[in-house]
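Asker: Sharing a structure, written as C-alpha cells. Questions coming.
The values are calculated or read from the model by the stated rules, or taken from the named source; none is laboratory data. All values reported here derive from a predicted model rather than from experimental measurement. Cβ: placed from backbone, ideal geometry, glycine included. Neighbour counts: every protein chain shown. The area values use the complete protein model at the heavy-atom level, side chains included, leaving out ligands, DNA and RNA. Shrake-Rupley method; radii C 1.70, N 1.55, O 1.52, S 1.80 Å.
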Amino acid sequence: MDSKLCISSSPHLHSKTNTRKIMLDVIIALIPTAISTSVIFGARAILLICTTTISCVLSEIISRIIMRRNDTSSDLSAIVTGILLAFNLPVNINVFIAILGSVIAIVVVKQLFGGLGQNFVNPALCARIILLISFPKDMSTYTFPFSYLTHSLDATTNATPLSHSTSFIPNYTDLFCGNIPGSLGEVCSLTLILGGVYLVIRKVISLTIPLTYIGTVFIFTFIFGKDPIFHVLSGGLLLGAIFMATDYVTSPVTFKGKIIFGIGCGIITVLIRVFGNLPEGVSFAIVLMNILVPHIEKLTIPKAFGWEGKVNEKI
Amino acid sequence: MHITGFLNLSVPPFKIHGGIKVPHLKNTSNSKCEILKDIESVLIPMQQHIGAPCIPIVKVNEHVKLGQVIANSENNFSAKIHSSVSGIVSKIDNIIMPDGSTTKAITIESDKKFELYANLKAPSIKSPKDLVNAACNCGLVGLGGAGFPTHIKLDLKNNQNIDTLIINAAECEPYITSDNRTIIENINDVIDGIKIIVKTLKIEKAIIAIETNKPEAIKILDKRINSKFSNIKVIKLESRYPQGAEKVLIKSCINRVVPIGKLPADVGCIVMNVTTIATLSKYIKTGIPLVSKCITVDGSAISNPKNIVVPIGTSIKDIIKFCGGYKSPPKKILLGGPMMGICLADDNFPILKQNNSILALDERESNLSEPSICIRCGKCIKSCPMKLTPLFLEQSVKNNDIDSLNKLNIMNCMECGCCSFICPAHRPLVQSIRLGKKILRNSKTIKKR
C-alpha cells in the first residue's frame with residue numbers, strides 16, 4: 001500500500017442525487033408547459049422563454065464574476081428561474097422588459113443575498129411583481145390564444161378571466177386546456193399538472209404545499225360564493241402552487257410549516273382575488289408567505305424522537 | 001397518537017420515522033466464514049469498549065496462553081481483555097486509536113500453537129448474578145459495533161421490569177454480513193443463548209429482528225423457531241437503514257419510544273446483538289472467552305471479499321493479505337460499515353472486539369466530492385430517524401449557538417448518517433453535528449468550573 005489514505009467523517013456512502021439533478025428534474029417538469037404555451041401563443045413564446053433563460057444565466061455568470069465568487073451556473077438554478085419568469089409574462093411583452101426582469105431576479109433578488117439557498121423570496125415571482133408595478137400596462141396586456149394564426153388586430157385584452165370587469169367567462173374545458181388569455185405559463189392547467197405529477201413521482205416536491213394551497217383556495221372561494229373550480233383553474237394558481245410555492249429555498253422545510261405555508265398562501269390569494277383591486281393574487285401571496293418562512297420554521301420544528309418536554313441536562 | 005400505529009392494529013413491524021434506502025451491497029452473504037490463524041503477532045489495545053480503559057496485568061516477556069486475562073479494570077464499567085493467541089508478550093506501549101485518542105496496547109508474538117489457558121472452565125448459570133458474571137468473565141461487549149459492556153446491560157436493577165428481549169439481527173449497514181453468517185453457521189448457539197437469557201432473567205418473550213434482505217438466515221430462523229418456542233418470535237423488518245439502531249429497532253418491534261437520555265431497560269426491554277448472544281452462549285458451553293471475531297472484508301479495493309474469523313488484535317494488513325490483497329489502490333480503509341464506520345490512517349491497526357467489518361474503498365467509491373450550498377430541500381429532516389433538523393443544527397454549529405444546539409436536541413443524534421447520505425448538496429452534516437456535540441460538551445464543563 002503506497003498511496004496515502006483519506007480520512008473523513010462518516011458516512012462514506014452517498015446517494016446519487018445532487019442539486020443539479022434536482023434542478024434538471026424541475027426543468028423537465030416545465031417542458032410540457034413550455035410546449036403547450038408555444039402552441040397556444042406561437043413562436044414568440046419560445047423567443048420569450050429563451051430570452052429570459054439566457055439573460056438569467058448570463059446575469060448569474062457575470063454577477064458572480066463581479067462579486068469574485070466561484071461560478072455556480074452549472075447548478076442549473078438560473079435556468080429554472082429564467083423559465084419560470086417567462087411563464088409569468090404576457091406573450092407580447094417588450095423583450096427588454098423581459099431582460100430587465102431576469103436581471104432583477106438573478107442579481108437583485110438572488111445573488112445580492114448570497115446566491116442559491118440564501119434568497120428569501122422567490123426570484124422569478126419577485127421580479128414579476130417589480131415588473132408589474134413598474135410596467136403595469138405592458139404586464140397586463142394579454143393576447144388571445146391562437147391569435148397568431150389569424151393575425152387579427154384586436155387580439156389583445158387587458159382582461160384575464162379573473163378580471164372583475166370582464167364579461168368573458170370561459171368554460172372549464174377551455175380553462176383546463178389553456179384556451180384563455182393570460183401569462184405564458186398560467187393558461188394550460190393540463191400540462192402544469194403533468195409537470196407536478198412528474199415532480200412528485202421523482203420525489204422532488206411533496207404534495208403538502210400544492211394540496212394545502214389549492215385546497216384552501218377551493219374552500220375559501222366556495223365560502224365567499226364564487227365558483228371554486230373556476231378559481232383553481234384560472235390565473236397563476238396552479239403554476240404558483242406547483243412550481244413557485246414549492247421552491248425549496250423559500251418554503252418551509254418542516255412538514256407542519258409546509259401546511260401553514262400552503263394555507264397562508266391560499267388565504268392571501270383568495271383575499272386579493274375576492275376583495276382586492278388586483279385581479280390576481282398568487283404572486284403576492286407567495287412572496288408575502290416567503291417572508292414569513294423563517295418564523296414559520298422556528299415555530300414548527302418537530303419534536304425529537306423520545307422528546308419528553310425538557311432538554312436533557314445529562315450529557 | 002400515531003395514525004400508522006392504529007392502522008397496523010398493533011402488528012409488528014411498526015412504522016418508524018425517516019430512514020433511507022441504501023444499496024445492500026451484501027456481496028459476501030453466501031461466503032462461508034474462513035479461519036485465519038497463521039499470523040505472527042497480535043496488537044491488543046486497552047480500549048475496546050465504551051467505559052474505562054483496561055490496565056495490562058501481564059509483563060513484557062511473559063508467556064500467555066489463549067483465553068488468559070491480560071488486562072482488567074477496577075472500574076466495573078469496563079470489559080476484561082483476554083489474550084487471543086498463545087505466545088510471548090513482546091511490547092506494551094501507547095498507540096493512537098482511530099478517533100485520535102491514545103491508549104496502551106499489548107503486542108503478543110504468537111507461537112501459532114493456540115494453547116488454551118488451563119483455568120478456563122464453563123460456568124454454570126443458576127441465577128441472574130451468574131449470567132452477569134459470565135458476561136463479565138467472557139469480556140463480552142456489544143458486538144454490533146457500539147462495544148457497550150454486556151455485563152452492565154444484563155445487570156438489571158431491582159425495580160426494572162423487563163418483558164422483552166430483542167435480538168438485533170437487522171444488520172442494516174451495507175456490505176456487512178457477519179451477523180448473517182452467525183445465524184446461518186451458529187444457529188444453535190443463538191437459540192441456546194436466547195433460552196438461557198430469557199430463562200435466567202425471567203423475560204416473557206424474545207423477538208429476533210431481522211431485515212428481509214437476508215433470505216437464507218430467515219429461512220433457517222423460520223425452520224428452527226417453530227411452535228416449540230412459543231416465547232420466541234421472528235420479526236422480518238423492511239430493509240431500511242438504520243433499522244438496526246437500538247431505539248429505532250425498539251420502535252419497530254414493540255412500538256415503544258425510549259425517552260431522550262434513557263435506556264431501553266427504562267421501557268422494559270433489552271436489545272442484544274445476535275453475535276453477542278452467540279458468543280455468550282459459546283462461553284457458557286465451553287468457557288472460551290471472546291478471543292476471535294467473525295468479520296466481513298469487502299469494498300471495491302479488495303481482491304477476494306469474504307467473511308473470516310480472526311483472533312482479536314490481528315492487523316488489518318494481515319487480514320487483507322489473506323483476502324488476496326488490494327485489487328486497486330485503496331483511498332479509504334474503514335473499520336465498520338460505510339454508513340458509520342471510522343476511517344483509518346493506515347492498515348497496521350488491529351481488529352477490535354466490536355468490529356464487524358473492514359472495508360477498503362477505491363478512489364471512485366470513496367466519494368470525495370466537494371459540498372455545495374444548502375438548498376433547503378428538507379430531505380435531511382425527512383430522513384432523520386431521531387426527528388432532528390440537521391440543516392438547522394449545521395447552521396447553529398456554524399454560528400456557535402449553544403442555546404440553539406440544546407433546543408434542537410443535538411445530543412439525540414446517533415450519527416447514523418442518513419442526512420449526509422441523502423443531502424443533494426453533499427453537505428457534511430454528521431461532521432458538523434459531531435463538532436456541535438463537542439462544542440456543547442465543552443461549554444458544559446466550562447460552566448461547571
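Asker: Leaving out same-chain residues fewer than 8 places away, which lysines sit with a Cα under 20 Å from that of B:LYS327?
Answerer: Result set, ordered by chain and number: A:LYS4, B:LYS26, B:LYS306, B:LYS317.
Asker: Mind giving me the FRET efficiency for B:PHE77 and A:VAL197? R0 is 60 Å, r the Cβ-Cβ distance, nearest 0.05 is fine.
Answerer: The formula returns an efficiency of 0.60 here.
Asker: Turning to a different aspect of this structure: With respect to the cross-link table entries A:LYS21/B:LYS21; A:LYS16/B:LYS37; B:LYS195/B:LYS251; B:LYS205/B:LYS282, which display a Cα-Cα separation exceeding 29 Å?
Answerer: Pairs exceeding 29 Å: A:LYS16/B:LYS37.
Asker: Can you list residues from other chains, or at least 5 along the same chain, whose modelled amide H is less than 5 Å from the amide H of B:ALA206?
Answerer: B:LEU165, B:ILE232, B:LYS233
Asker: If you take each beta carbon of peptide A:90-100 and count the beta carbons of other chains within 10 angstrom, what is the mean?
Answerer: 0
Asker: Follow-up. Any chance you could run the full-extension gain for A:PHE120 through A:LEU271? It's 0.36 nm times the residue separation minus the Cα-Cα distance, nm to one decimal.
Answerer: Difference between extended and current length: 52.1 nm.
Asker: Here's something else I'd like to know. What FRET efficiency would be calculated for the residue pair B:LYS321, A:LYS4, taking the C-beta separation as r and a Förster radius of 30 Å, to the nearest 0.05?
Answerer: 0.95
Asker: About its Cα centre, how strong a charge dipole does segment B:145-220 have in debye, to the nearest 20, once Lys and Arg get +1 and Asp and Glu get -1 at the Cβ?
Answerer: Using only the charged Cβ atoms, the result is roughly 300 debye.
Asker: Quick check on the protein assembly as shown: take the gyration tensor over C-alpha atoms, sort the square-rooted eigenvalues as a ≥ b ≥ c, and tell me if it's rounded (a/c under 1.5), prolate or oblate.
Answerer: Here the protein assembly as shown falls in the prolate category.
Asker: Give the shape of chain B as rounded, prolate or oblate, defined through the alpha-carbon gyration tensor: a ≥ b ≥ c are the square roots of its eigenvalues, a/c under 1.5 means rounded, and otherwise the shape is prolate if a/b is larger than b/c and oblate if not.
Answerer: rounded
Asker: Also, I was wondering about something else. If you place +1 on the Cβ of every Lys and Arg and -1 on the Cβ of every Asp and Glu, how big does the dipole about the Cα centre of chain B come out, in debye to the nearest 20?
Answerer: 1180
Asker: Within segment A:198-242, what residues put their amide N at less than 17 Å from the label point 7 Å along the Cα-to-Cβ vector of A:LEU292?
Answerer: A:209-221, A:241
Asker: I've got another one for you. With a 1.4 Å probe and all protein chains left in place, how much of the accessible area of segment A:19-296 comes from carbon and sulfur atoms, in whole percent?
Answerer: Within segment A:19-296, the accessible surface is 72 percent carbon and sulfur.
Asker: Same structure, new question: Between A:ILE31 and A:ARG68, with labels modelled 7 Å along Cα→Cβ, what's the label distance in nm to one decimal, could you check?
Answerer: 4.1
Asker: Let me ask you something else. Averaged over its residues, how many other protein chain Cβ atoms are within 10 Å of peptide A:290-302's Cβ atoms?
Answerer: Per residue, the number of nearby Cβ atoms from other chains is 2 on average.
Asker: On to the next question. Report the label-to-label distance for B:ALA52 and A:LEU299 in nanometres (one decimal), using points 7 Å from each Cα along the Cα→Cβ vector.
Answerer: Output for this residue pair reads 5.2 nm.
Asker: At 222 nm, what value in deg cm²/dmol follows for chain A if DSSP H runs of at least 4 each add -39500 (n - 2.57) and the sum is divided by all its residues, to the nearest 500?
Answerer: For chain A, the value works out to -17000 deg cm²/dmol.
Asker: Still on this structure: To the nearest 500 deg cm²/dmol, what mean residue ellipticity at 222 nm is calculated for chain B from DSSP H runs of n ≥ 4 alone, each contributing -39,500 (n - 2.57), summed and divided by the residues?
Answerer: For chain B, the value works out to -8000 deg cm²/dmol.
Asker: Let me confirm one metric for peptide B:377-384, namely the mean number of other chain beta-carbon atoms within 10 Å of its residues' beta-carbons.
Answerer: 5
Asker: Still on this model: List the residues, sorted by chain then number, that are 5 or more residues from B:GLY147 or on another chain and whose placed amide H is less than 5 Å from its amide H.
Answerer: Placed amide hydrogens put B:GLY142 under 5 Å from B:GLY147.
Asker: Using θ = phi - 60° and the Karplus form 6.51 cos²θ - 1.76 cosθ + 1.60, what ³J(HN,Hα) does each residue of segment A:247-252 get, whole Hz, x for Gly and Pro?
Answerer: So the J values, rounded to whole Hz, are 3, 3, 5, 10, 10, x.
Asker: Oh, and also: Between B:VAL309 and B:LEU201, what is the label-point separation in nm under the 7 Å Cα-to-beta-carbon projection?
Answerer: With each label placed 7 Å out from Cα toward Cβ, I get 2.5 nm.
Asker: Full extension from A:VAL95 to A:PHE255: what is 0.36 nm times the residue separation minus their Cα-Cα distance, to one decimal in nm?
Answerer: 53.6 nm
Asker: Now for a separate question. Counting only protein heavy atoms and using a 1.4 Å probe, what share of the accessible area of chain B belongs to carbon plus sulfur, as a whole percent?
Answerer: Its accessible area is 53 percent carbon and sulfur atoms.
Asker: Let me check I've understood the local charge: for A:VAL121, count other residues with C-beta under 12 angstrom from its C-beta, Lys and Arg +1, Asp and Glu -1. What total comes out?
Answerer: Net charge around A:VAL121: +1.
Asker: Take chain A, connect every pair of alpha-carbon atoms lying under 10 Å apart with a spring to form a Gaussian network, then pick out the residue of A:ILE83, A:ILE291, A:ILE263 with the largest mean-square fluctuation.
Answerer: Ranking A:ILE83, A:ILE291, A:ILE263 by mean-square fluctuation puts A:ILE291 first.
Asker: So what J values fall out for segment A:32-44 if you push phi through Karplus, 6.51 cos²θ - 1.76 cosθ + 1.60 with θ = phi - 60°, rounded to Hz, Gly and Pro as x?
Answerer: My calculation for segment A:32-44 gives x, 5, 4, 5, 4, 5, 6, 6, 6, 10, x, 4, 5 Hz in order.
Asker: Can you work out ³J(HN,Hα) from phi for every residue in segment A:121-136, in order, using Karplus 6.51 cos²θ - 1.76 cosθ + 1.60 and θ = phi - 60°, giving whole Hz and x for Gly and Pro?
Answerer: 10, 5, x, 5, 5, 5, 4, 4, 5, 4, 5, 4, 6, 7, 10, x
Asker: Please build a GNM for chain A, connecting alpha carbons under 10 Å apart, and tell me which residue among A:LEU299, A:LEU89, A:LEU47 fluctuates the most.
Answerer: Ranking A:LEU299, A:LEU89, A:LEU47 by mean-square fluctuation puts A:LEU299 first.
Asker: Given Cβ point charges of +1 (Lys, Arg) and -1 (Asp, Glu) and nothing else, what value in debye, to the nearest 20, does the dipole of segment A:19-296 about its Cα centre take?
Answerer: My answer is approximately 640 debye.
Asker: Sequence neighbours fewer than 8 away in the same chain don't count; with that in mind, list the aspartates and glutamates whose C-alpha is under 16 Å from B:LYS59.
Answerer: Output for B:LYS59: B:ASP93, B:GLU109.
Asker: May I ask you to find the residues of segment A:218-252 that are shielded by at least 20 Å² of accessible area once the whole protein assembly is considered instead of their isolated chain (probe 1.4 Å)?
Answerer: Hits at the 20 Å² cut-off: A:TYR248, A:VAL249.
Asker: Further question on the same structure: Please check segment A:1-36 for residues whose accessible area, probe 1.4 Å, is lower by 50 Å² or more when all protein chains are in place than in their chain alone.
Answerer: In segment A:1-36, residues shielded by partner chains: A:MET1, A:LEU5, A:CYS6, A:ILE7, A:SER9, A:SER10, A:PRO11, A:HIS12, A:LEU13, A:HIS14, A:SER15, A:THR19.
Asker: Say R0 is 41 Å: what FRET efficiency, to the nearest 0.05, do B:ASN188 and B:THR103 get from their beta-carbon distance?
Answerer: Efficiency, from the Cβ-Cβ distance: 0.70.
Asker: Hey, what did chain B get for relative contact order, percent, Cα under 8 Å, at least 6 apart?
Answerer: 18
Asker: Along the charge dipole of chain B, which of B:THR164, B:THR177, B:PRO424 sits closest to the positive end, that is, farthest toward it, with unit charges on the beta carbon of Lys, Arg, Asp and Glu (+1, +1, -1, -1)?
Answerer: Farthest along the dipole direction, towards plus: B:THR164.
Asker: Mind checking the per residue accessible area of the protein assembly as shown for me, 1.4 Å probe, whole number of Å²?
Answerer: I get 43 Å² per residue for this part.
Asker: With a 1.4 Å probe on protein heavy atoms only, work out how much accessible surface B and A bury together, total over both chains, in Å² to the nearest 100.
Answerer: By this definition, chains B and A bury close to 4700 Å².
Asker: Taking H as built 1.01 Å from N, whose amide H comes closer than 5 Å to the amide H of A:GLY42, not counting residues under 5 places away?
Answerer: Long-range HN contacts for A:GLY42: none found.
Asker: Set Lys and Arg Cβ to +1 and Asp and Glu Cβ to -1, take the dipole of segment A:1-118 about its Cα centre, and tell me which of A:ILE65, A:ILE93, A:THR52 lies farthest positive.
Answerer: Comparing the listed Cα positions along the dipole, A:ILE65 ranks first.
Asker: Along the charge dipole of the protein assembly as shown, which of A:GLY264, B:CYS343, B:VAL274 sits closest to the positive end, that is, farthest toward it, with unit charges on the beta carbon of Lys, Arg, Asp and Glu (+1, +1, -1, -1)?
Answerer: Value computed over the given set: B:VAL274.
Asker: While we're on this one: Students often check this: by mean Cβ neighbours within 10 Å, which of B:344-353, B:364-373, A:237-246 ranks highest, and how do the rest follow?
Answerer: A:237-246, B:344-353, B:364-373
Asker: Mind ranking B:406-413, B:221-228, A:143-150 by how tightly packed they are, going by the mean number of other C-beta atoms within 10 angstrom, highest first?
Answerer: B:406-413, A:143-150, B:221-228
Asker: Normalising by the residue count of segment A:19-296, find the relative contact order in percent from Cα pairs under 8 Å and 6+ residues apart.
Answerer: Computed over segment A:19-296, the figure is 19 percent.
Asker: In a GNM of chain A with a 10 Å cut-off on Cα contacts, which of A:ILE229, A:ILE99, A:ILE268 has the highest mean-square fluctuation?
Answerer: In the Gaussian network model the winner is A:ILE229.
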